[in-house]
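A.B. asks: Attaching a single structure in structure tokens format; questions to follow.
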Amino acid sequence: MATDAPLKNLIQITITRETQTIKVASFNTILLVDEVDDASPSLPFVGRTKSYATILELAGDGYTAGDYVYDSAANIFAQNPSVSSIKVGLKYITTTPDASWTAAMNAIQTADPDWYGFTIISEVLADQSEVADWAEAAAPKVLFAIRSNSADIIDPVSTTDIAYYIQNSSYERSFVYYHSGTNAEYIDAAALGERFPRNPGTGTWMYKTLASVSIYALTSAERTAALDKNCNIYISYAGVGTTEAGTVGVGEYIDIMRGTDWQESTIQADLFTVLKNIEKVPYTDPGVDSMVSIIKGSLQKGVNRNFINAGFTVTAPLVADVSVNDKGNRILPDITFTATYSGAIHTIQITGTISL
């Protein structure tokens, strides 16, 4: 039997795998920021951050029960489900100290921007305020969870507590949890640990039970004082520990902030993936339409998570209406979209009549 000649003599095929994906921001990664003696032989690790998947790994680097990092991590891993890993960041305080918390956070984020929610070791008002100032303008965007057991928070006339500061500053990137226990029982870490295994946009931060955190009692006036400062609390309803109210300082819901950041990042990543993996998007009406289709696909992901409602719209200009200058600079301007948040039901009001 004659041997066949290879088909490549007649048909040449080259297949290019256009499958490079772009990393979406890590909306499930929690960072715990510790203060360390950078000259100490017991420095836990070299560099600004390190990932840990278990408490045993933390213990291997010298963290023990009673430490901020150890106890916060224990609260995070105690939630069910729990995140697969956390990160620890270091603020240096001795030989080559960071000049401030702002300098430390800048150094940490520059060295490793791959995290989203974070807490810090300090419970000092000035430190928490400074870090909140930093978080408000941080890039990439982040969320700062703050714990406090200051009785001033539940005092309606106090203007010297961290909850008042965050609210009065109209901050969108920081939120406070009050807890009466020692070190506020690291309720900030527990709250992040309970929510971050879930995808952004899929759930509210209210009505959640936190493992390893005790409930406490508040009078009606104390509860009102905390909530009036947009401070989150953890009290008992029907005998069950329950978080309330799930808001950042300005009063917006935490799930809205995290979900919006995710939606923005998703649109950016989806568009960049296409631009990176094809030769070019032509500056034609069909080329513009292809970009619109990508944005619609990104928004549909938000619909699938019940973060935004179906019925969103995306509009783009006709190529003929784009200025010569923008065309020459290869800028596609004026794409807009409108969508509505799906929101969540937190309170129910019922009026009924029962009669014979």
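A.B. asks: Looking at segment 238-249, is at least one residue in the same structural domain as Gly117 (by TED's automatic domain parsing), touching a residue at least 60 places away in the same chain (Cβ under 8 Å), farther than 21 Å from Val303 by Cβ and acidic (Asp, Glu)?
C.D. replies: No, that holds for no residue.
A.B. asks: Take Thr351 and decide whether it is exposed (fewer than 10 other Cβ atoms within 10 Å of the Cβ), within 26 Å of the chain's Cα centre (by Cα) and either part of a loop (DSSP other than H, G, I, E, B) or not assigned by TED's automatic domain parsing to the domain that holds Leu299 (or both).
C.D. replies: Considered against the rule, which asks whether it is exposed (fewer than 10 other Cβ atoms within 10 Å of the Cβ), within 26 Å of the chain's Cα centre (by Cα) and either part of a loop (DSSP other than H, G, I, E, B) or not assigned by TED's automatic domain parsing to the domain that holds Leu299 (or both), Thr351 comes out as no.
A.B. asks: Assuming Gly203 fulfils every condition listed in (1) buried (at least 16 other Cβ atoms within 10 Å of the Cβ); (2) in contact with a strand residue (DSSP E or B) (Cβ under 7 Å, 6 or more places away or on another chain) apart from one, which condition is it?
C.D. replies: Failing condition for Gly203: (2).
A.B. asks: Could you grab me the full set of residues in segment 192-207 that are in a loop (DSSP other than H, G, I, E, B) and within 23 Å of Ser236 (Cα to Cα)?
C.D. replies: Passing the criteria: Phe196, Gly203, Thr204, Trp205, Met206, Tyr207.
A.B. asks: Could you give every pair whose Cβ atoms fall below 8 Å, whose first residue belongs to segment 199-220 and is within 18 Å of Phe77 (Cβ to Cβ), and whose second residue is assigned to a loop (DSSP other than H, G, I, E, B) and of a type in the set (Val, Ile, Thr), counting only separations of at least 6 or pairs across chains?
C.D. replies: none
A.B. asks: Given the conditions (1) more than 19 Å from the chain's Cα centre (by Cα); (2) among the charged types (D, E, K, R); (3) surrounded by 21 or more Cβ atoms within 10 Å (Cβ to Cβ), report the number of the one that Asp228 does not fulfil.
C.D. replies: Unmet for Asp228, out of (1) more than 19 Å from the chain's Cα centre (by Cα); (2) among the charged types (D, E, K, R); (3) surrounded by 21 or more Cβ atoms within 10 Å (Cβ to Cβ): (3).
A.B. asks: Restricting the first residue to segment 283-295 and requiring it to be among the hydroxyl-bearing types (Ser, Thr, Tyr), which pairs with a second residue that is in a helix (DSSP H, G or I) meet a Cβ separation below 7 Å and a spacing of at least six or different chains?
C.D. replies: From residues that are among the hydroxyl-bearing types (Ser, Thr, Tyr), the pairs are Tyr283/Val319; Tyr283/Lys327; Thr284/Val319.
A.B. asks: For the subset of segment 45-93 comprising residues that are under 18 Å from the mean Cα position of the chain (by Cα) and among the aliphatic types (A, V, I, L, M), which member is surrounded by the fewest Cβ atoms within 10 Å (Cβ to Cβ)?
C.D. replies: So the residue we want is Val83.
A.B. asks: Which of the residues that make up segment 245-282 are more than 30 Å from Leu227 (Cβ to Cβ), assigned to a helix (DSSP H, G or I) and over 12 Å from the mean Cα position of the chain (by Cα)?
C.D. replies: Thr266, Ile267, Gln268, Ala269, Asp270, Leu271, Phe272, Thr273, Val274, Leu275, Lys276, Asn277, listed by residue number.
A.B. asks: While we're here: Would you mind finding the one in Ser129, Ser158, Ser170 that is out of contact with any strand residue (DSSP E or B) (no Cβ under 9 Å at 6 or more places or on another chain), surrounded by fewer than 19 Cβ atoms within 10 Å (Cβ to Cβ) and not in a loop (DSSP other than H, G, I, E, B)?
C.D. replies: Ser129
A.B. asks: For segment 134-148, how many residues meet the condition of being surrounded by 17 or more Cβ atoms within 10 Å (Cβ to Cβ) and not in a strand (DSSP E or B)?
C.D. replies: 6
A.B. asks: A further question on this structure: On the basis of being hydrophobic (A, V, I, L, M, F, W, C) and within 30 Å of Glu264 (Cα to Cα), does Val157 make the cut?
C.D. replies: No, not satisfied.
A.B. asks: Can you tell me which residue among Ala99, Ala139, Ala111 is small (Gly, Ala, Ser) and either modelled with pLDDT under 95 or not assigned by TED's automatic domain parsing to the domain that holds Pro197 (or both)?
C.D. replies: Just one listed residue meets the conditions, Ala139.
A.B. asks: Take the residues in segment 275-299 that are in contact with an Asp or Glu (Cβ under 9 Å, 6 or more places away or on another chain) and within 21 Å of Leu318 (Cα to Cα); name whichever of them is surrounded by the fewest Cβ atoms within 10 Å (Cβ to Cβ).
C.D. replies: Among those residues, the one meeting the criterion is Gly297.
A.B. asks: Of these, Tyr164, Tyr186, which one is more than 23 Å from Asn75 (Cα to Cα), assigned to a helix (DSSP H, G or I) and modelled with pLDDT of 95 or more?
C.D. replies: Unique residue meeting the criteria: Tyr164.
A.B. asks: Kindly indicate whether any position in segment 27-35 is without any contact (Cβ under 8 Å) to a residue 60 or more places away in the chain and of a type in the set (Asp, Glu).
C.D. replies: no
A.B. asks: Looking at segment 317-347, which of its residues are in contact (Cβ under 8 Å) with a residue 24 or more places away in the chain, under 24 Å from Phe272 (Cα atoms), loosely packed, with under 12 Cβ neighbours inside 10 Å and β-branched (Val, Ile, Thr)?
C.D. replies: If the condition is that a residue be in contact (Cβ under 8 Å) with a residue 24 or more places away in the chain, under 24 Å from Phe272 (Cα atoms), loosely packed, with under 12 Cβ neighbours inside 10 Å and β-branched (Val, Ile, Thr), then Thr338 is the only one that fits.
The values are calculated or read from the model by the stated rules, or taken from the named source; none is laboratory data. This is a predicted model, so every value here is computed, not measured. Cβ sites come from the backbone with ideal geometry, for glycine too, and all protein chains shown count toward neighbours.
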